[in-house]
Each structure stands twice: as structure tokens, then as C-alpha cells.
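The values are calculated or read from the model by the stated rules, or taken from the named source; none is laboratory data. All of these numbers come straight from a predicted model, not from anything done at the bench. Glycine gets a Cβ as well: all are built from the backbone with ideal geometry, and neighbour counts include every protein chain shown. Ligands, DNA and RNA are stripped out before the accessible areas are found, and what is left, the full protein with its side chains, is counted by its heavy atoms. Shrake-Rupley method; radii C 1.70, N 1.55, O 1.52, S 1.80 Å.
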Amino acid sequence: MMDERAAWLTQGKGITPSLRWSFSTEAPLLALDLARETGEILAADISGGLYLLDRQGQFLHLNRGIRDVQLVHWSDHGKRGAAIYSDNNICCFDRDLNVTWAISFSVECLAIAMDSYGDYVAVSLASGKTILIDSQKKKVASFETMKPLSYLEFQMTEPRLMGAAENGLVCCYDLEGNCLWTEKHWSNCGGLAMSGDGQRIYLAGFNYGILIFDHEGDSAGTLVFEGTPKVLACDFQGNRIVTATIEQELYWLNQEGKLLWGGIIPDEAIEVACDPFGQWCVCGAKSGLVQCLDWSDSL
């Protein structure tokens, strides 16, 4: 008998994925992130619950001590994580979700990211400043941008940090705070994703579709399809892209924008994630339902 939580998958178009696993948080979902090396999922809900799941969706750890979590990031190697909470605070926690340090700022924190090994945390502030902090809570660099960065992402293969403002700016910095390139664009931005080597950078450009940039910030095209992309993720090579739209649709695309599968999500998507090999993706819904969709048998 089909799991009723998987019924919506059969109503889509294209290669129907299997439901690898489902997990429900105890309260509505606020944030979600994937460790690309270990396949672990970090999720946060509005009750203050911080959940760590393994690659099979099995519960590993729970922390209820961090209130008002807004964004989370889990290192690719599954060694450490970081979160923004209560508007202007960040914290770093270990693999057991125990907080190792916390910092308060005088202004709102907009985005947070952690490098693959969990050695550095980047946080962008509403003032336009982005700060790099090491795992021992030491500030190692900072830089200011024309517009506050709402999205941050570390490159996996090189020590580079990618950032994007909600409107008009995408940029790249090294870990000493030096600007490697900056590029303007003319769309509001709903999310940032990047291939592991930084060769392909994707922005959810709302009505403009998915905007693509290369490793030097030059435009590399646009993926246009039905719907308004809100959040997105890609695999290590940038060959598979998953995006959720404002219209509550989920799309699984190749790098040319061809639809491999698409369907209507039962609830609003808060975040999506993609495994490094482009075989499965995770979709976290506002209701707290987190599901892993798997295409590995069809590849």
C-alpha cells in the first residue's frame, strides 16, 4: 500500500521519484540544511527544536536550547553547525548539537554559512558588513558590500565565499576578505546555490527564472520554466538542480533547464537540498514534513 505522504509524487510529470524517507518536526519548519559529505540533515522548527537526521532520515540528535532559530548551516563533513537566532545572535555547535560558542551583534544577522570542514563561519549583517569567524570564535576577516548580503555559500574545493543580495548584487571573496569579483544583476533573488568547484552559480531570480553565473561572475545563461523559483539547490557538478516555486511546485532539472520531474507540493517549501551526485533531493515544507525524493533507480 502506498504511503499517503508519497501520493503527491505520482501526480507529477516526468520520471517519478521514489520516497526514500519522511520525517516530521514537532512544529512548523523554519530552516533546513544538508551535509553533502555525510548526507545528514539539520532542521529547525518554531518551537526551538534543532534536529539532526542521518542520510536515511533516522533521528540522531535533538537540541531544544536555542530559541527563535532563523537560519541554520551544517558543515559538509558533519563536524559542526551554525545558526542565526533571535535576530542578531549566532552560535556554533558540535556534532551532538551542543553549543560551543555564541556571539551577539548590534544589528540584525541576515545570512550564515559554514565551510566544508566546519573551520570557518561567515555571517552577513544588515549594516552591509560580512564577518568571517574561525571555529575558536576568533574573527579572521571582514568586508563590506554595497548592499547587505542575504545569501552566503562557501565553495567546497577552494577557500572562497559567495554572496548575493536580495536585489542587484552577487560577489565572491577569499577568506582574507579580498574581493575576487562582484557583479550586478537586475532581479530580486530568492536563493543561492553553487557547484562544488564554483564553476556554476545559480540564483533564484523569481520572475526571471534561474540566473546562472560562471566562476568569474560572468552571466552564463538563464533557465526559464513555468513558475517563480523561490529556493534552489544543485549537485556537486551543477548537473542537477532542484527548485521550489512560489506557486508551490517542485522541479528537478538538468543543467540545460530540461524538466526531469515536476509536481505540486502539498505545502509551502521552506528549503530544498540536493546530494552531491544528483541522485536525490530533500524538500522541507512549512508544516514540518521533510521528505527525501530519490531518482537513483532511474539513472
For the range 32-120, report the translational diffusion coefficient in µm²/s to the nearest whole number, using Stokes-Einstein at 4 °C, 1.567 mPa s, and a Kirkwood Rh over Cα pairs. 102
State, to one decimal in nm, how far the label point of residue 216 lies from the label point of residue 4, with both points 7 Å from Cα in the Cβ direction. 5.6
Ordering of 98-105, 247-254, 271-278, 212-219 by packing [mean C-beta count within 10 Å, highest first]: 271-278, 247-254, 212-219, 98-105
Tell me the carbon and sulfur percent of the accessible area for the chain, rounded to whole percent, probe radius 1.4 Å. 47
Determine the distance separating the Cα centre of the range 169-247 from the Cα centre of the range 59-123; give it in Å without decimals. 23
Report the extension gain between residue 67 and residue 27 in nm, rounded to one decimal, defined as 0.36 nm multiplied by the number of residues separating them, less their alpha carbon distance. 13.1 nm
Relative contact order for the range 28-228: what percent, with Cα pairs under 8 Å and sequence separation of 6 or more? 10
Log10 I(q)/I(0) at q = 0.22, 0.28 Å⁻¹ for the range 172-228, from Debye over equal alpha-carbon scatterers, is -0.87, -1.22
Per-peptide average of other Cβ atoms within 10 Å, ordering 117-126, 261-270, 155-164 highest first: 117-126, 155-164, 261-270
Provide the FRET efficiency to the nearest 0.05 for the residue 167-residue 11 pair, computing r from the beta carbons and using R0 = 41 Å. 0.75
For residue 294 and residue 197, extending 7 Å from Cα along the Cα-Cβ vector and measuring point to point gives, in nm, a value of 2.9
From the Cα trace of the chain, what convex hull volume per residue do you get, rounded to a whole Å³? 110
Largest first and in whole Å, give the semi-axes of the range 109-204's equivalent ellipsoid, each being the square root of 5 times a Cα gyration tensor eigenvalue. 19, 15, 11
Within the range 28-228, count lysine pairs with alpha carbon atoms under 25 angstrom apart where the residues are 8 or more positions apart or belong to different chains. 11
How about residue 258: which aspartates and glutamates have a C-alpha closer than 20 Å to its C-alpha, ignoring those fewer than 8 places off in the same chain? 214, 226, 235, 247, 249, 275, 294, 297
For the range 1-102, dividing by residue count, accessible area per residue (probe 1.4 Å) in Å² works out to 45
